[in-house]
Amino acid sequence: MKDVILMAIESSCDETACAIVKNGNEILSNVVSTQIEVHKKYGGVVPEVASRIHVENISMVVCEALEKSGCTMDQIDAVACTQGPGLVGSLHVGVQAAKTIAWMYDKPLIPLHHLIGHIYANSFVEPLKFPALALVVSGGHTELVYMKEHFSFEILGSTQDDAIGEAYDKVARVLGLSYPGGPIVDKLAKQGKPHYKLPVPKTEKPLDFSFSGLKSAVLQCIERERKAGNEIIVEDMCYAFQETALKTLVDKTKKVIEEKHPAQIVLAGGVAANSRLRVLMQQLVDEIEGVEAVLPPLWCCTDNAAMIGAAGYQAYLRNEFGTLDLGAQPSKELCD
Ligand code: KG4
Ligand code: ZN
């Protein structure tokens, strides 16, 4: 079969990214321009500021990705982009760029779901094996997604309130740590000891998640300790939060493995970079026969465009193209 080379664009939150990807698993270039330093000042992503920086950076990022790949536009078979979910202004910049390039060079356009990108980031490690179970854990999502085959997504459980990455970021803020909180809490938790006790979140449906109560429990615990005249040991609080939050992820993943016997577990999204989660997942699959875990390398856990190129390849094979009148979909559903 002829090689398929895609240009992929991602701009759903605070990373402006473009990649050139061959056959869904060979990265010819992968350029990510992050805005983290700007948003750090505000303790989180400011949507208006994010959209403006995307506008300033998008052309540069696209040109750099093309140049680094050594390809010309003649060699590009289609242009893929993240259509949603995400921040509407941020998404709009990437979608407009993709549409403009597709129109100018007469290329097919492939609109994609951001989480499908995160899941397919794993194909840079090894091909997906079905049935697969994806644990999608990012700043905006916490989802258990069952896949019978390529591009078949069944959501078995999702968060009823905050996403896990959001909980990491909020807890970090409460503890006076900087944004994004996930990597810092991860690091400090390693130096922490079992000391504080936090309640394990409960949900109505057994495979759903809930993290806002856990964040409140951290706040209440801090209050109690302060009232008692005790200093907060930040490392121990990070440890308590992380162990409790990750326990619900691991327990529910285990439940699905026992019920549905997937051949492969894939971690996806920014929180997949968490060192403790990676250890716990590996331990979990080591205990159960017939299932393996794919842990994406750290560079492809957080937002990038190569993952959109990997997912775009599957959409290309299925002729799932979009038209030039499509727009950003900030609440795009996984299963539509
Ligand atoms: O996937 P992502 O880059 O953006 C979204 O699609 O949301 O994920 C960003 C999230 C942030 O909440 C960040 O704190 C979290 O991923 N994160 C981590 C770690 N690295 C990033 N959370 C826990 N541990 C980490 N090592
Ligand atoms: Zn993401």
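The values are calculated or read from the model by the stated rules, or taken from the named source; none is laboratory data. As the structure is a prediction and not an experimental result, all values here were calculated from the model. All Cβ positions, glycine included, derive from the backbone under ideal geometry; neighbour counts span all protein chains shown.
Out of the range 275-289, which residues are in a helix (DSSP H, G or I) and more than 19 Å from S123 (Cβ to Cβ)? Those that are in a helix (DSSP H, G or I) and more than 19 Å from S123 (Cβ to Cβ): S275, R276, L277, V279, L280, Q282, Q283, L284, D286, E287. Here V125 clears all of (1) on the phi < 0 side of the Ramachandran plot; (2) in the same structural domain as T244 (by TED's automatic domain parsing) except the condition numbered (2).
Assess whether L324 counts as being part of a loop (DSSP other than H, G, I, E, B), loosely packed, with under 14 Cβ neighbours inside 10 Å, touching a residue at least 60 places away in the same chain (Cβ under 8 Å) and in contact with a Phe, Trp or Tyr (Cβ under 9 Å, 6 or more places away or on another chain). Steps first, answer last, please.
Values: part of a loop (DSSP other than H, G, I, E, B): yes; loosely packed, with under 14 Cβ neighbours inside 10 Å: yes; touching a residue at least 60 places away in the same chain (Cβ under 8 Å): yes; in contact with a Phe, Trp or Tyr (Cβ under 9 Å, 6 or more places away or on another chain): yes.
Here the answer is yes, as L324 does meet what is asked.
Small (G, A, S), out of contact with any Pro (no Cβ under 8 Å at 6 or more places or on another chain) and at negative phi, is that true of G165? Judged against the criteria, G165 is not a match.
Applying the condition of being among the aliphatic types (A, V, I, L, M) and under 16 Å from the mean Cα position of the chain (by Cα) to the range 126-142 and asking which residue is farthest from S210 (Cα to Cα) yields L133. Spot the failing condition for D186; the list is (1) surrounded by 13 or more Cβ atoms within 10 Å (Cβ to Cβ); (2) over 21 Å from G139 (Cβ atoms), and only one is missed. Condition (2) is where D186 drops out. For beta carbons closer than 7 Å, sequence separation of 6+ or different chains, a first residue in the range 243-257 that is within 14 Å of T142 (Cα to Cα) and a second that is among the basic types (K, R) and assigned to a helix (DSSP H, G or I), the qualifying pairs are L246/R276.
Look through S33, S29, S69 and report the one residue that is touching a strand residue (DSSP E or B) at 6+ places or on another chain (Cβ under 6 Å), over 18 Å from G117 (Cβ atoms) and among the small types (G, A, S).
Details: S33 fails: over 18 Å from G117 (Cβ atoms); S29 fails: over 18 Å from G117 (Cβ atoms).
Result: S69 is the single residue among S33, S29, S69 that is touching a strand residue (DSSP E or B) at 6+ places or on another chain (Cβ under 6 Å), over 18 Å from G117 (Cβ atoms) and among the small types (G, A, S).
Of the helices (runs of 4 or more DSSP H) lying entirely inside the range 144-250, those containing at least 3 residues that are over 20 Å from the mean Cα position of the chain (by Cα) are 181-190, 212-227.
Within the range 242-263, the presence of a residue that is closer than 30 Å to V125 by Cα, surrounded by 13 or more Cβ atoms within 10 Å (Cβ to Cβ) and touching a Ser or Thr at 6+ places or on another chain (Cβ under 7 Å) is excluded.
Take G270 and tell me if it is more than 27 Å from K202 (Cβ to Cβ) and buried (at least 16 other Cβ atoms within 10 Å of the Cβ).
Values: more than 27 Å from K202 (Cβ to Cβ): no; buried (at least 16 other Cβ atoms within 10 Å of the Cβ): yes.
No; evaluated as a whole, the condition is false for this residue.
Pull up the range 98-121, narrow it to residues that are farther than 18 Å from G84 by Cβ and in contact with a helix residue (DSSP H, G or I) (Cβ under 8 Å, 6 or more places away or on another chain), then point me to the one that is nearest to ligand 1 (Cβ to nearest atom).
Initially, the range 98-121 is screened for residues farther than 18 Å from G84 by Cβ, giving 100-101, 103-108.
Subsequent filtering for residues that are in contact with a helix residue (DSSP H, G or I) (Cβ under 8 Å, 6 or more places away or on another chain) retains 101, 105, 107-108.
Details: I101: 23, Y105: 29, K107: 26, P108: 26 Å.
Checking each candidate, the answer is I101.
When A272, A315, A311 are screened for being in contact with a helix residue (DSSP H, G or I) (Cβ under 9 Å, 6 or more places away or on another chain), closer than 21 Å to L249 by Cβ and either within 13 Å of ligand 2 (Cβ to nearest atom) or outside any loop (DSSP other than H, G, I, E, B) (or both), only A272 passes.
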